[in-house]
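The values are calculated or read from the model by the stated rules, or taken from the named source; none is laboratory data. The structure displayed is predicted, hence computed values, not measured ones. Cβ atoms come from the backbone with ideal geometry, glycine included; neighbour counts cover every protein chain shown.
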Amino acid sequence: MKKDSIQLKIDKYYTDKINTYGSSHLGVDWNSNDSQELRFKILSQVLNEKNNFTILDYGCGYGALIPFLEQNFNFSYIGFDISKEMLKNAEENYKKLENIKFTNNFENISNVNYSIASGIFNVKLDISENEWENYIFETLEKINKVSNNGFSFNMLSNYSDKEFMKDYLYYADPLKIFDYCKKRFSKNVALLHDYNLYEFSIIVRKNE
């Protein structure tokens, strides 16, 4: 399956969510605000500075990461999402803020200090596991290329309880993903699987 076809399916899935539930955790297919905040806390560990950095929110949704960052950091922000409806909501929510911009064209993104991607690899729908895994690695290569200081992302874990696993979701092998990032991106890679959700996070630190 071509990458464009994969993105069209993902776009439709998330566009339907945001159109149904609006700018909320349900609009980006998370179970709760608390779990979303916990994910942001974990993924933000990649940030080694408090002020004057640029950050790419890859799969930004309606921009929920922005108020979390505002509590702790001074930054310039780029939100990328393939769903135009997601971006429409994001722009409406944060149009008054400076140093915030959104795009659905990855070619418009120049290098940033850091990137964060939360939840973008979970929903594979009817795409084969092999195709979805290739899509994941291609996306990580793209994110790595534009992230000067590091990036972080999360994925559902294949250590999840079998009775709760769903066919349309993708559960990754944490060790395989860690190995790929360690060999391809940096010698400084952390695998975090200790925060009581059915997932793990990877922190890739560069230039240290």
Filtering region 4-52 down to residues that are part of a helix (DSSP H, G or I), of a type in the set (D, E, K, R), free of Cβ contacts under 8 Å to residues at least 60 places away in the same chain and surrounded by fewer than 18 Cβ atoms within 10 Å (Cβ to Cβ) yields Asp4, Lys12, Asp16, Asp34, Glu37, Lys41
query: Somewhere in region 77-98, is a residue in contact with a strand residue (DSSP E or B) (Cβ under 6 Å, 6 or more places away or on another chain) and polar (S, T, N, Q)?
result: no
Only one of Glu107, Glu138, Glu98, Glu131 is free of Cβ contacts under 8 Å to residues at least 24 places away in the same chain and either surrounded by 15 or more Cβ atoms within 10 Å (Cβ to Cβ) or not in a loop (DSSP other than H, G, I, E, B) (or both), namely Glu107
Of Ile55, Ile120, the only residue that is crowded, with 19+ Cβ neighbours inside 10 Å, out of contact with any helix residue (DSSP H, G or I) (no Cβ under 6 Å at 6 or more places or on another chain) and part of a loop (DSSP other than H, G, I, E, B) is Ile120
For region 150-189, the count of residues that are surrounded by fewer than 17 Cβ atoms within 10 Å (Cβ to Cβ), in contact (Cβ under 8 Å) with a residue 12 or more places away in the chain, outside any helix (DSSP H, G or I) and out of contact with any helix residue (DSSP H, G or I) (no Cβ under 8 Å at 6 or more places or on another chain) equals 6
State whether the residues of region 84-93 include one that is surrounded by fewer than 19 Cβ atoms within 10 Å (Cβ to Cβ), at pLDDT below 95 and polar (S, T, N, Q).
yes
### Query
Condition test on Ser76, is it in a strand (DSSP E or B), out of contact with any Phe, Trp or Tyr (no Cβ under 6 Å at 6 or more places or on another chain) and surrounded by fewer than 22 Cβ atoms within 10 Å (Cβ to Cβ)?
yes
